[in-house]
Amino acid sequence: MDELARFLQTHDITQANLAQGIGVSGAYVSMLLSGKSGASLQTANAILSFLRERTGEPVTFEQLFGSPALAPAVGE
């Protein structure tokens, strides 16, 4: 999830901000960003919604998670 980590850093959004914004623990966000855990499609959509609202940018799935072909594998 390097793209997501870079996006957060570029927009000065902390892991704690993201965790609070999508209603998960900071530990879970840390695991997502380190690649130790995958995100469900529901979580990926929550992240997209939060970041779109927070930044006002039209953030896309591809931008943060790569190819849309990976969408089913996000939660694995």
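A short reminder: the numbers here are calculations on the coordinates, not readings from a lab. Everything numeric here is computed off the predicted structure, so don't read it as measured data. In this analysis, Cβ positions are derived from the backbone assuming ideal geometry, glycine residues included, and neighbour counts consider all displayed protein chains.
Name the residue that is surrounded by the fewest Cβ atoms within 10 Å (Cβ to Cβ), counting only residues in the stretch 16-40 that are touching a Leu at 6+ places or on another chain (Cβ under 7 Å) and not in a loop (DSSP other than H, G, I, E, B). Please lay out each step first, then the result.
Step one: filter the stretch 16-40 for residues touching a Leu at 6+ places or on another chain (Cβ under 7 Å), giving 18, 29, 33, 39.
Still in the running and not in a loop (DSSP other than H, G, I, E, B): 18, 29, 33.
Values: Leu18: 22, Val29: 26, Leu33: 16.
For the stretch 16-40, the residue satisfying everything is Leu33.
In the stretch 27-52, the residues that are at positive phi form no Cβ pair under 7 Å with any partner that is surrounded by fewer than 19 Cβ atoms within 10 Å (Cβ to Cβ), whether six or more places apart or across chains. Cβ-Cβ contacts under 6 Å between residues 6 or more apart (or on different chains), taken from a first residue in the stretch 1-24 that is touching a residue at least 24 places away in the same chain (Cβ under 8 Å) and closer than 21 Å to Gly66 by Cα to a second residue that is assigned to a helix (DSSP H, G or I) and polar (S, T, N, Q), are listed as His11/Thr55.
Residues in the stretch 3-15 that are within 10 Å of the chain's Cα centre (by Cα) and either aliphatic (A, V, I, L, M) or surrounded by fewer than 16 Cβ atoms within 10 Å (Cβ to Cβ) (or both): Glu3, Leu4, Ala5, Leu8.
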